[in-house]
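Below: the structure, in structure tokens.
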Amino acid sequence: MAAVEPVDSNSRLDEQILGLDSLDLPGFGRTPLWRKAWSTVWPKLAALLLGLAIWQLLASSGWKPSYLLPGPGTVFSHVWDDRHPLASGLLTTLQRAAGYYALALLFGTVVAILVTRARTIRAAVVPLATGLQSMPSVAWVPIAILLFGVRTQAILFVTLAGSIPAVVIGTVSALDSVPPILVRAGDVLGARGFALYRHVLLPAALPGYLSGARQAWAFAWRSLMAGELIVSAKGTTSLGQLLSAYQDQSLAADVLAVMLAILAVGLLMDALVFSRLEQLALRRRGLAAAPA
């Protein structure tokens, strides 16, 4: 018996060493792809099903007649029936959204950089931007129509007025979050003026900047919808124009179909673009775990 014990001890030791070695193997501890996808999808799927159930209960309760509050099934059938005007309107609105949002990002970022370089200008501009950001987008529509008429330029004005303040506030906040030691290090290495922003401040502020850009997108999207809903530019079909036209004809199911398209764009942009960009920026700076 005394000769067997060292063999068992060595065996247990080998098993423990094998277990420790397995921690270093490339595939050890990785979550299966299907489980990772399911853990991401199921909370959203559950929220979607809950929302549809509440919608169906409201439609079935008799609170409003079915031609004013149709159920999800009726609305989804209208999404298919209206697929051609919806696709045309979606294309026009997305083209506007991409161009107007890019313009707001460019202008707002330049203003924010100029603001952070002068304390007096900052003290004047940042509170003003905060106040402008709190204004409802539809409040810009009357003055936009007076200035530009019922044309596309009025929609551009409303979108920029609604989104640029969010870009300015988000960019200033992101630049403020850069650790001072990075600024001092850049100064020691000779990075001053534009070079300091290009090589130190803007790269260091990227995660915060993307968060601000994400919020600015929400403001731009809402402002664009407000502009398109009220300003019907001739010769084009947009989601806002469809929404207004269906409302004038009391076509509730078609109105809800357009609303579903607007909601889908907002959700997809957030999930597929901004969330991924933020996670990528955080991972590259070691601020978030790499995907398992």
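Just to be sure, is Asp187 open to solvent by 40 Å² or more (accessible area, probe 1.4 Å), at pLDDT below 85 and either hydrophobic (A, V, I, L, M, F, W, C) or over 30 Å from Ala37 (Cβ atoms) (or both)? Lay out the reasoning, then the answer.
On the way: open to solvent by 40 Å² or more (accessible area, probe 1.4 Å): yes; at pLDDT below 85: yes; either hydrophobic (A, V, I, L, M, F, W, C) or over 30 Å from Ala37 (Cβ atoms) (or both): yes.
Answer is yes for this residue.
The single condition from (1) modelled with pLDDT of 90 or more; (2) open to solvent by less than 70 Å² (accessible area, probe 1.4 Å); (3) not charged (D, E, K, R) that Leu103 fails is (2).
Could you list, in sequence order, all residues of the stretch 158-184 that are outside any helix (DSSP H, G or I) and either of a type in the set (Lys, Arg) or surrounded by fewer than 17 Cβ atoms within 10 Å (Cβ to Cβ) (or both)? Break it down into steps so the answer makes sense when it comes.
First, pick out the residues of the stretch 158-184 that are outside any helix (DSSP H, G or I): 177-179.
Result: Ser177, Pro179.
Give me the pairs, please: first residue somewhere in the stretch 127-144 and more than 15 Å from Val172 (Cβ to Cβ), second residue anywhere and at pLDDT below 90 and surrounded by 13 or more Cβ atoms within 10 Å (Cβ to Cβ), beta-carbon distance under 8 Å, and either six or more positions apart or on two chains. Short answer, once both residue conditions are applied: Val138/Ile230; Val141/Ile230; Val141/Val231; Ala144/Val231.
Say we look at the stretch 246-263 and pick out the residues that are open to solvent by 90 Å² or more (accessible area, probe 1.4 Å) and under 22 Å from the mean Cα position of the chain (by Cα); which of these is farthest from Lys64 (Cα to Cα)? The residue in question is Leu263.
Specify which of the listed residues (Val125, Val75) is assigned to a helix (DSSP H, G or I), open to solvent by less than 70 Å² (accessible area, probe 1.4 Å) and farther than 22 Å from Thr159 by Cα.
Numbers: Val125 fails: farther than 22 Å from Thr159 by Cα.
From the options Val125, Val75, the qualifying one is Val75.
Evaluation of Gly162 against the conditions (1) at pLDDT below 90; (2) in contact with a Ser or Thr (Cβ under 9 Å, 6 or more places away or on another chain); (3) farther than 15 Å from Ala112 by Cβ shows that the sole unmet condition is (1). Yes or no: Ser211 assigned to a helix (DSSP H, G or I), polar (S, T, N, Q), open to solvent by 30 Å² or more (accessible area, probe 1.4 Å) and in contact (Cβ under 8 Å) with a residue 24 or more places away in the chain? So Ser211 passes the test.
Just a yes or no: is a residue in the stretch 151-166 within 25 Å of Arg276 (Cβ to Cβ) and aliphatic (A, V, I, L, M)? The answer is yes, given that some residue of the stretch 151-166 is within 25 Å of Arg276 (Cβ to Cβ) and aliphatic (A, V, I, L, M).
Of the residues making up the stretch 126-155, those that are among the aliphatic types (A, V, I, L, M) and over 18 Å from Leu103 (Cα atoms) are Val126, Leu128, Met135, Val138, Ala139, Val141, Ile143, Ile145, Leu146, Leu147, Val150.
Any residue in the stretch 227-241 that is farther than 30 Å from Pro65 by Cβ, open to solvent by 30 Å² or more (accessible area, probe 1.4 Å), outside any helix (DSSP H, G or I) and among the small types (Gly, Ala, Ser)? Looking for residues that are farther than 30 Å from Pro65 by Cβ, open to solvent by 30 Å² or more (accessible area, probe 1.4 Å), outside any helix (DSSP H, G or I) and among the small types (Gly, Ala, Ser), one finds at least one in the stretch 227-241, hence yes. Just one of (1) aliphatic (A, V, I, L, M); (2) in a helix (DSSP H, G or I); (3) open to solvent by 60 Å² or more (accessible area, probe 1.4 Å) fails for Met135. It is (2). The residue pairs whose first member lies in the stretch 82-99 and is under 12 Å from Leu243 (Cα atoms), whose second member is open to solvent by 50 Å² or more (accessible area, probe 1.4 Å), and whose beta carbons are closer than 6 Å, counting only pairs six or more residues apart or on different chains, are Gly89/Thr237.
The values are calculated or read from the model by the stated rules, or taken from the named source; none is laboratory data. The model shown is predicted, which means the values in this text are computed figures rather than measured ones. As a convention, Cβ positions derive from the backbone with ideal geometry for all residues, glycine included, and neighbour counts pool all protein chains shown. Note: areas computed on protein heavy atoms with side chains; ligands, DNA, RNA excluded. Shrake-Rupley method; radii C 1.70, N 1.55, O 1.52, S 1.80 Å.
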